[in-house]
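Data first, discussion second: the structure below is written as structure tokens.
The values are calculated or read from the model by the stated rules, or taken from the named source; none is laboratory data. Just so it is clear, the model here is predicted, and its values are computed rather than measured. So basically every Cβ, Gly included, is an ideal-geometry build from the backbone, and we count neighbours across all protein chains shown. Just the protein is used for accessible areas: all its heavy atoms, side chains included, with ligands, DNA and RNA removed. Shrake-Rupley method; radii C 1.70, N 1.55, O 1.52, S 1.80 Å.
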Amino acid sequence: VSRVIVVGSGVAGLIAALEASVRHEVVLVTKSQLAESNTRYAQGGIAAALFPDDSVESHIADTLVAGAGLCDPEAVRVLCAEGPDRVRDLIALGVAFDTDTNGELARGHEAAHSHKRVVHAGGDATGLAIELALVAAVQKAVVEVHENAFMVDLVVADGAVRGVELLTPAGRRTLAADAVILASGGAGRLYAHTTNPAVTTGDGIAAAWRAGAVLGDLEFYQFHPTSLAVPGNPLVSEAVRGEGAVLLASDGSRFMTGVHPQAELAPRDVVARGIAGQMARQDGAPVLLDATGLGRDFLAARFPGITAVCEAHGFDWAAEPIPVTPAAHYWMGGVRTDTEGRTSLPGLFGVGEVACTGVHGANRLASNSLLESLVFAWRAAHALDDGLGGVAAATPFEGAAIPGGSRLGEENEPASRVDRAQLRQLMWDAAGLYRNADALEQAAATLDGWTAASADRSAAATVAELEDRNLLDLGRLVVRSAVDREESRGAHFRSDFPDTSAAFAHHSSYRLTPEVALVD
Ligand code: SIN
């Protein structure tokens with residue numbers, strides 16, 4: 001029996017903890033409450049080839065197309081082939097996926113899927129149904145749970161990860177383990193507008209970075225096309241367009257028909273940029289999502305959560321189109337892993353949004369993220385049985401480098417300490433849906449200045465300050481990665497390099513060595 005620490009309590013962390021607890025001593029730490037995570041806000045559902053007219057091959061093909069040439073084909077095959085069994089595991093655990101009038105699993109349609117294959121629960125409350133079922137299972141399993149336990153950093157000894165340093169309400173403490181599975185999610189809070197909850201500050205990715213793990217594809221941040229255009233940007237699921245809702249300009253005309261043959265159901269990056277472009281043409285005003293054609297009863301039954309959110313903000317979406325705008329949603333990049341969650345550091349695994357398995361390439365196919373968590377968390381938990389070491393570190397190669405620590409070059413502005421709202425706005429403006437070298441370079445200088453002003457990191461005492469540190473580290477990495485990729489591909493769009501270039505048909509990889517070096 002080995003001791004394993006799982007960090008994070010979304011679907012990836014809960015599955016990893018449950019599966020590992022059968023054979024190992026498992027400690028699960030989570031920064032908030034056990035049931036709080038990005039997972040619980042997922043609406044659309046889980047894509048899997050569960051239906052007779054569908055196939056694993058078709059799901060693979062759709063995933064590869066969406067990924068714009070950067071998917072890892074082996075990882076995609078694993079995802080699509082093992083996905084159906086992992087969804088059946090959830091059903092066995094008691095997750096009540098919605099059924100149709102014949103009692104068969106109901107299936108939704110989402111953008112860039114050639115088949116209807118998205119299973120959902122509670123209409124648009126899929127993530128909540130999964131989260132609550134898994135929390136109940138973990139509470140019954142032999143798993144030691146620490147809530148309100150914020151991971152400050154990984155503990156590294158002799159080049160291997162051997163535990164975590166935590167900040168808890170009782171103070172700092174260190175937990176030792178034979179292996180650590182990071183499942184602490186993405187970093188939507190890097191951006192001024194995001195569908196993600198407050199906990200998504202990239203803590204696991206940033207800690208892995210500081211520990212020396214190889215990160216990859218950080219320039220690929222997915223912006224969901226439709227969040228309600230109100231503070232907090234609540235998600236309006238892609239499934240709404242899958243059911244037939246359309247996007248309208250402020251003059252009432254459909255604009256996506258002129259952008260892509262699949263119009264509102266074009267790949268997510270295309271729709272998001274289409275909306276952003278239309279908003280620019282109408283002085284920044286949000287576009288409208290017209291779901292009135294779906295009917296009041298259908299909307300209330302199929303999308304009860306979105307209906308309630310609309311009502312709370314004074315919109316009757318059965319009677320009138322609602323204002324929507326893109327918002328940061330999902331990070332394709334993260335800690336580079338193999339198909340069993342192993343990272344470049346022995347003893348460190350990464351699963352869920354923390355990880356860059358390569359399944360999403362440059363642009364994730366809708367409803368593939370819960371699936372990724374299910375499949376790869378399960379595989380990582382089982383890989384522990386084969387030994388707790390990680391794969392050999394990837395070999396660094398020569399490339400552009402920036403220091404990982406604080407720096408204040410002569411060229412930089414006088415620095416002031418980072419303010420999270422300013423950081424998020426800077427990222428939105430310079431490293432959002434449209435990017436260019438000038439804005440990115442200016443952002444890089446500002447971020448360097450803030451980093452220098454925050455140099456005394458040991459002084460970071462509160463969770464909020466530690467989160468700021470993480471966001472700052474990750475913001476610099478996103479900007480650096482976006483500068484380096486002088487092309488447009490998937491979610492990464494450079495106005496100064498609008499075409500896709502064969503010269504960049506590869507993953508980007510970075511590690512702190514102590515400099516950031518490109519590796520591949
Ligand atoms: C949605 O419901 O639109 C989100 C689905 C996803 O991000 O995969």
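So which residues in segment 28-50 are over 22 Å from residue 198 (Cβ atoms) and either modelled with pLDDT under 95 or outside any loop (DSSP other than H, G, I, E, B) (or both), if there are any at all? Correct list: 46, 47.
Table: residues versus (1) within 13 Å of the ligand (Cβ to nearest atom); (2) surrounded by 22 or more Cβ atoms within 10 Å (Cβ to Cβ).
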{"residue": "98", "(1), (2)": "no, no"}
{"residue": "101", "(1), (2)": "no, no"}
{"residue": "110", "(1), (2)": "yes, yes"}
{"residue": "115", "(1), (2)": "no, no"}
{"residue": "128", "(1), (2)": "yes, no"}
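For segment 194-215, residues that are closer than 19 Å to residue 431 by Cβ and within 13 Å of the chain's Cα centre (by Cα) total 7. Checked against the criterion of being among the basic types (Lys, Arg), more than 16 Å from the ligand (Cβ to nearest atom), at negative phi and modelled with pLDDT under 95, the candidates 172, 77 yield just one match: 172. Do we have residue 307 as within 16 Å of the ligand (Cβ to nearest atom) and among the hydroxyl-bearing types (Ser, Thr, Tyr) here? Yes; evaluated as a whole, the condition is true for this residue. Only one of the numbered conditions (1) of a type in the set (Gly, Ala, Ser); (2) more than 16 Å from the ligand (Cβ to nearest atom); (3) crowded, with 22+ Cβ neighbours inside 10 Å; (4) in a helix (DSSP H, G or I) is violated by residue 293, and that is (3). All of 204, 188, 163 fail the test of being at positive phi and either open to solvent by 10 Å² or more (accessible area, probe 1.4 Å) or touching a residue at least 40 places away in the same chain (Cβ under 8 Å) (or both), apart from 163. Scanning segment 51-80 for residues that are assigned to a helix (DSSP H, G or I), acidic (Asp, Glu) and crowded, with 16+ Cβ neighbours inside 10 Å turns up just one, 62.
Taking the numbered list (1) in contact (Cβ under 8 Å) with a residue 12 or more places away in the chain; (2) within 21 Å of residue 43 (Cβ to Cβ) in turn, residue 198 passes all entries but (1). Annotation note: Cβ proximity below 7 Å between a residue of segment 226-242 that is at positive phi and a residue that is more than 9 Å from the ligand (Cβ to nearest atom) (sequence gap 6+ or interchain) occurs for 233/193; 233/194; 233/227; 233/327. For residue 361, the requirement of being in a loop (DSSP other than H, G, I, E, B), free of Cβ contacts under 8 Å to residues at least 12 places away in the same chain and more than 20 Å from residue 131 (Cβ to Cβ) is not met. Somewhere in segment 72-79, is a residue over 30 Å from residue 467 (Cα atoms) and free of Cβ contacts under 8 Å to residues at least 40 places away in the same chain? Within segment 72-79 (the criterion being over 30 Å from residue 467 (Cα atoms) and free of Cβ contacts under 8 Å to residues at least 40 places away in the same chain), the answer is yes, since at least one residue qualifies.
Of all the listed residues (366, 362, 355), the sole one being under 11 Å from the mean Cα position of the chain (by Cα) and buried (at least 24 other Cβ atoms within 10 Å of the Cβ) is 355.
Applying a threshold of 6 Å to beta carbon distances and a minimum spacing of six or more residues, or different chains, the list of pairs starting in segment 49-62 at a residue that is farther than 13 Å from residue 367 by Cβ and ending at one that is in a loop (DSSP other than H, G, I, E, B) and of a type in the set (Gly, Ala, Ser) reads 55/49; 56/49; 58/114. Mind counting the residues in segment 267-309 that are over 23 Å from residue 255 (Cα atoms), in contact with an Asp or Glu (Cβ under 9 Å, 6 or more places away or on another chain) and not aliphatic (A, V, I, L, M)? Final tally of qualifying residues: 7.
Exactly one residue out of 246, 230, 199 is open to solvent by 10 Å² or more (accessible area, probe 1.4 Å) and within 16 Å of the ligand (Cβ to nearest atom): that is 246. Inclusion of residue 131 among residues that are touching a Lys or Arg at 6+ places or on another chain (Cβ under 7 Å), of a type in the set (Asp, Glu) and outside any strand (DSSP E or B) is warranted. Looking across segment 460-508, just one residue is surrounded by fewer than 23 Cβ atoms within 10 Å (Cβ to Cβ), closer than 13 Å to residue 201 by Cα and of a type in the set (Gly, Ala, Ser), and that is 464.
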